[in-house]
Amino acid sequence: MTLEETGVIMDILAAAYPRFYAGRDANDLKKAVELWAGMFAEDDVVLVAAAVKALIATDDKGFPPHIGAVKAKLRQITEPQQMDAATAWGLVMKATQRALYGSREEFGKLPELVRRVVGSPRQLRAWAMMDAETVQSVVASNFQRAYRARAQSDREYQALPADVKKLISAAADRLALEGRKE
């Protein structure tokens with residue numbers, strides 16, 4: 001979104017919440033537009049406007065939405081519905097049933113997020129060799145908790161502006177290099 005497009009979004013907010021924006025000086029408004037433009041630089045103005053309007057339409061408190069709320073609504077609009085932890089566990093259970101002799105193939109069939117939580121084909125095979133009751137209780141509980149945490153972490157990362165993602169990536173690369181030296 002450009003600065004001009006961000007100005008349009010801020011005009012929508014000011015029209016919907018005139019009391020909130022009353023008395024703000026030009027410098028405050030300029031800073032707000034710059035901040036919003038930076039936070040939504042990678043986003044399509046049409047989608048941001050849709051997210052803002054959806055939040056205005058459902059607002060019952062009388063306060064304008066903050067950047068995080070708009071980002072969350074934007075993700076809700078643009079991203080396909082993510083599977084829940086129980087559904088993901090169901091896929092893992094199916095994979096473990098065939099993992100004794102085909103753990104690599106079964107691991108490869110899992111969605112990427114599920115694979116990251118499982119860790120490796122070796123882990124699938126280990127679960128396939130465990131007592132079924134333990135897998136259905138302890139392992140299932142631990143997997144679903146880890147899946148929910150990873151999914152939440154991924155959602156939060158996707159909401160970050162591109163420049164922050166680059167900083168995180170550079171820091172991770174630097175740490176990886178330092179780890180190899182030791």
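Out of all the residues in region 19-35, which are among the hydrophobic types (A, V, I, L, M, F, W, C) and either in contact (Cβ under 8 Å) with a residue 60 or more places away in the chain or surrounded by 13 or more Cβ atoms within 10 Å (Cβ to Cβ) (or both)?
20, 29, 32, 33
Pick from 16, 54: which is open to solvent by less than 80 Å² (accessible area, probe 1.4 Å), over 30 Å from residue 154 (Cβ atoms) and touching a Lys or Arg at 6+ places or on another chain (Cβ under 9 Å)?
Exactly one residue qualifies, and that residue is 16.
Looking only at region 126-164, filter to residues that are of a type in the set (D, E, K, R) and modelled with pLDDT of 95 or more; which one of those is surrounded by the fewest Cβ atoms within 10 Å (Cβ to Cβ)?
145
I need the full set of residues from region 80-92 which are part of a helix (DSSP H, G or I) and free of Cβ contacts under 8 Å to residues at least 24 places away in the same chain, in order please.
Within region 80-92, 87, 90, 91 qualify.
The values are calculated or read from the model by the stated rules, or taken from the named source; none is laboratory data. Model, not experiment: these values are computed from the prediction. When we count neighbours, we look across all protein chains shown, and the Cβ atoms used for this are built from the backbone with ideal geometry, even at glycine. Note: areas computed on protein heavy atoms with side chains; ligands, DNA, RNA excluded. Shrake-Rupley method; radii C 1.70, N 1.55, O 1.52, S 1.80 Å.
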